[in-house]
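Q: What follows is a structure written as structure tokens; I'll ask about it next.
The values are calculated or read from the model by the stated rules, or taken from the named source; none is laboratory data. What you are looking at is a predicted structure, and each value in this text was computed from that prediction instead of being measured. Cβ placement follows ideal geometry from the backbone for every residue including glycine, while neighbour counts extend to all protein chains displayed.
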Amino acid sequence: MSGRTPQHIVVLMGGPSAEREVSLSTARGCAEAMRGEGYDVTELDAGADLVARLQQIAPDVVFNALHGRWGEDGCVQGILEWMRLPYTHSGVLASATAMDKARSKDVYRAAGLPVMQSRIVLRADAAADHVLPTPYVIKPNNEGSSVGIYIVKEGDAPVALPDTMPETIMVETYAPGRELTCTVLGAPGRERALPVTEIHMDGWYDYEAKYAPGGSRHTVPANLPADITAACRSFALRAHAALGCRSISRTDFRWDDARGIDGLILLETNTQPGMTPTSLSPEQAAQDGITFGMLCRELVEDASCDR
């Protein structure tokens, strides 16, 4: 960030998305860490009066701790650009593209990155009949935190999807294997990939597994062959660059170890990875000697408009 050192930080939290509770947890931890770094911090629940509240507070930097739609898909970023308030994380276009699973897959393919076959279909069509050979995964096209995930296995009937699912959804060929993830951190020109994490859980890596204490176990750095570790880090950097991400992102993978490097598949890139007590990116940063406070400070110091 150019100009004077930021002193007053507004942490945007909560908001109206399905990931509100995750955002509140992320924001509280980040606010506490930034106070420990010497910043004056105001926590702000992002409601309908957001613009008026930000005009009243007039912060030096907005730390975007929102998750999910509206806070992570380019909408809030557009408001902050219009208000000319420097903010953290990715800008409008990268946020919108990464949140849209179909469009981000198009970007991955153009960058030569491996993804599974998928289709965007009507919810009613997916509930009426199999639209891909089993096994496959049904998911909203623009939610995070594994909200609304269904796995249809071989021999299963089509899923009776609830009305809470969007009218159009993504259906994706199931990627078997181990759950891996890698964070990219750094201002433009200084991006580096952090250690790779393997996630262990008893079932699917769903919302509860991600955020409930004991829901999953993490091995960081992951016990992987050197070529798989290198590929995860390289693919994460390439995904970050291809999407136009800024400051921090986390790319998730599945790896079928029976297929070697050909079994490594990108799932998605998160432009605002969680920073809760059970989150992955802070664990990876700690492995590189970056404390939670240092991580938050690095994001604040890269804050800007025109991202």
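Q: Given the conditions (1) surrounded by 22 or more Cβ atoms within 10 Å (Cβ to Cβ); (2) more than 30 Å from A175 (Cβ to Cβ), report the number of the one that G14 does not fulfil.
A: (1)
Q: Another question, if that's okay. Taking the condition of being in contact with a Leu (Cβ under 8 Å, 6 or more places away or on another chain), in contact (Cβ under 8 Å) with a residue 60 or more places away in the chain and of a type in the set (A, V, I, L, M, F, W, C), how many residues in region 34-72 meet it?
A: 5
Q: To continue, here is another question. Condition test on R123, is it assigned by TED's automatic domain parsing to the domain that holds Q56 and over 16 Å from L266 (Cβ atoms)?
A: When the stated conditions are applied, R123 does not pass them.
Q: L50: under 19 Å from the mean Cα position of the chain (by Cα) and aliphatic (A, V, I, L, M), yes or no?
A: On the way: under 19 Å from the mean Cα position of the chain (by Cα): no; aliphatic (A, V, I, L, M): yes.
Spelling it out, it is not the case that L50 is under 19 Å from the mean Cα position of the chain (by Cα) and aliphatic (A, V, I, L, M).
Q: Taking the condition of being of a type in the set (D, E) and out of contact with any helix residue (DSSP H, G or I) (no Cβ under 9 Å at 6 or more places or on another chain), how many residues in region 61-94 meet it? First the steps, then the outcome.
A: Step one: of region 61-94, the residues of a type in the set (D, E) are 72-73, 81.
From what's left, out of contact with any helix residue (DSSP H, G or I) (no Cβ under 9 Å at 6 or more places or on another chain): none.
Number of matching residues: 0.
Q: So which residues in region 136-173 are in contact with a Leu (Cβ under 9 Å, 6 or more places away or on another chain) and among the aromatic types (F, W, Y)?
A: Y150
Q: Same structure again: Any chance region 136-158 includes a residue that's crowded, with 20+ Cβ neighbours inside 10 Å, in the same structural domain as D257 (by TED's automatic domain parsing), of a type outside the set (F, W, Y) and under 15 Å from the mean Cα position of the chain (by Cα)?
A: no
Q: Exactly one of (1) among the hydrophobic types (A, V, I, L, M, F, W, C); (2) surrounded by 24 or more Cβ atoms within 10 Å (Cβ to Cβ); (3) touching a Cys at 6+ places or on another chain (Cβ under 7 Å) is unmet by L66. Its number?
A: The failed condition is (3).
Q: Is it true that G177 is on the phi > 0 side of the Ramachandran plot, surrounded by fewer than 19 Cβ atoms within 10 Å (Cβ to Cβ) and touching a Phe, Trp or Tyr at 6+ places or on another chain (Cβ under 7 Å)?
A: Yes: the conditions hold for G177.
Q: Find all pairs meeting these conditions: Cβ atoms under 9 angstrom apart; at least six residues apart or on different chains; first residue within region 274-290 and in the same structural domain as F253 (by TED's automatic domain parsing) and over 14 Å from I248 (Cα atoms); second residue assigned to a loop (DSSP other than H, G, I, E, B) and small (G, A, S).
A: Close Cβ pairs (under 9 Å, with a partner that is assigned to a loop (DSSP other than H, G, I, E, B) and small (G, A, S)) amount to T278/A212; T278/G214; T278/G215; T278/S216.
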